[in-house]
Amino acid sequence: MYDRYYSIVFRFIFKRTADDNLTAEICSLVFLKALKRLDSFEFRGVPFSAWLLRIAGNELGQHYRKANKNRVVSIDETYVPDLAGEVYDGGDIENYEGLMSMMVEALDELKESDLQLIEMRFFEQLPFKDIAEIIGITESNAKVKTYRILERMKKSILKKHGRDLK
């Protein structure tokens with residue numbers, strides 16, 4: 001289990017910490033808890049890795065609550081246009097830096113749980129089925145929540161930047 005899923009879990013955690021040592025520490029906790037709870041795993045049609053990532057998400061949340069720190073989000077610039085296409089369709093952004101700035105600003109305003117959903121969908125390219133399993137909701141609820149978050153981001157950009165969003 002460790003050999004097969006370590007890199008997936010490590011990347012998931014590292015994107016949220018940007019710290020090798022902290023990531024390795026949390027990763028160890030994830031696999032320890034997974035081993036202890038292996039008998040409670042139930043196949044629900046999603047990859048086993050989704051179950052591990054759910055444990056990882058819980059461990060990350062616990063870490064940030066205890067440390068009273070803000071979470072890190074690693075924005076993969078490759079996928080920003082996908083997110084921007086969902087949020088902004090005005091077509092008159094002058095430059096890429098402006099687009100990045102507006103997206104980062106809108107992401108900064110999100111609650112932790114909303115940010116996690118957007119991060120998994122757009123920066124990790126996870127299907128809604130896997131996202132739902134990781135955060136413990138239904139697939140349709142994951143879709144609805146995602147599109148509501150995108151609407152809030154759209155309104156925030158409109159309010160701050162006076163863009164004519166459609």
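Any idea which residue in region 1-52 is nearest to Phe128 (Cα to Cα), counting only those that are polar (S, T, N, Q) and more than 18 Å from the chain's Cα centre (by Cα)?
To start, the set of residues in region 1-52 that are polar (S, T, N, Q) comprises 7, 17, 21, 23, 28, 40, 49.
With the extra rule that they be more than 18 Å from the chain's Cα centre (by Cα), the set shrinks to 21, 28, 40.
Details: Asn21: 30, Ser28: 27, Ser40: 23 Å.
It comes out as Ser40.
Residues are listed down the side, and each one gets a yes or a no for (1) closer than 25 Å to Ala106 by Cβ; (2) modelled with pLDDT of 85 or more:
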site	(1), (2)
Pro47	no, no
Ile55	no, yes
Glu59	no, yes
Glu86	yes, no
Ile93	yes, no
Inset, instruction - Residue by residue through region 110-166, note down the ones that are among the small types (Gly, Ala, Ser) and at pLDDT 90 or above. - result: Ser140, Ala142
Legend entry - Residue list for region 126-163, filter: surrounded by fewer than 18 Cβ atoms within 10 Å (Cβ to Cβ) and among the polar types (S, T, N, Q): Thr138, Ser140, Asn141
Inset, instruction - For residues that are more than 14 Å from the chain's Cα centre (by Cα) and among the charged types (D, E, K, R), tally how many sit in region 130-149. - result: 2
Legend entry - Unmet criterion (only one of (1) at pLDDT 90 or above; (2) in contact with a Ser or Thr (Cβ under 7 Å, 6 or more places away or on another chain); (3) of a type outside the set (Asp, Glu)) for Thr17: (1)
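The values are calculated or read from the model by the stated rules, or taken from the named source; none is laboratory data. This is a predicted model, so every value here is computed, not measured. Cβ atoms come from the backbone with ideal geometry, glycine included; neighbour counts cover every protein chain shown.
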